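Written out below as structure tokens is the structure these notes cover.
The values are calculated or read from the model by the stated rules, or taken from the named source; none is laboratory data. Being a predicted model, the structure only gives us computed values, none of them experimental. All Cβ positions, even for glycine, are placed from backbone atoms using ideal geometry, and neighbour counts span all protein chains on display. To get the accessible areas, we keep the full protein, side chains included, count just its heavy atoms, and leave off ligands, DNA and RNA. Shrake-Rupley method; radii C 1.70, N 1.55, O 1.52, S 1.80 Å.
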Amino acid sequence: QVQLVESGGGLVQAGGSLRLSCAASGRAFGSYALGWFRQAPGKEREFVAANNWSGENTYYADSVKGRFTISRDNAKNTVYLQMNSLKPEDTAVYYCAARGAPEYYSGGIFDYWGQGTQVTVSS
């Protein structure tokens, strides 16, 4: 079992930056692929970014590629999402998720989810 707690959300102006953190408890953190998802009001949850167990392989949605960076520190059981050049359309609740497998592939199932953190980008 893995528990995930996100932090770092908030209100920022368009063009600004935020860094989200997700702290995990439970064993074998270093063997899980991790991801970030988001859900805007009235929309379905969508994939944002993911990395594999070592962090060497990263994956991004086209909408955030070049602006967001996912990284992880297995010694601290933490995954990060650095968000730069934020746009109003990035406004959403952001969720951290862990996949019970070391590698990520498109459409792969994530088994554990955090409660989410709100990110609001004003124009």
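Number of residues in the range 91-111 that are open to solvent by 50 Å² or more (accessible area, probe 1.4 Å) and under 13 Å from the mean Cα position of the chain (by Cα) equals 0. Confirm whether ALA49 is surrounded by fewer than 13 Cβ atoms within 10 Å (Cβ to Cβ) and in contact with a Gly (Cβ under 9 Å, 6 or more places away or on another chain). The answer is no for ALA49. When residues in the range 99-123 are screened for being among the hydrophobic types (A, V, I, L, M, F, W, C), closer than 15 Å to GLU46 by Cα and out of contact with any helix residue (DSSP H, G or I) (no Cβ under 7 Å at 6 or more places or on another chain), 3 of them pass. Is it the case that ASP62 is open to solvent by less than 60 Å² (accessible area, probe 1.4 Å) and free of Cβ contacts under 8 Å to residues at least 12 places away in the same chain? No: the conditions fail for ASP62.
For every residue, the table says whether it meets (1) closer than 12 Å to THR78 by Cα; (2) part of a loop (DSSP other than H, G, I, E, B).
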site: GLN1; (1), (2): no, yes
site: ARG19; (1), (2): no, no
site: GLY30; (1), (2): yes, no
site: GLY42; (1), (2): no, yes
site: GLU56; (1), (2): no, yes
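When the range 12-30 is limited to residues that are more than 18 Å from VAL64 (Cα to Cα) and surrounded by fewer than 13 Cβ atoms within 10 Å (Cβ to Cβ), the one that is modelled with the highest pLDDT turns out to be SER25.
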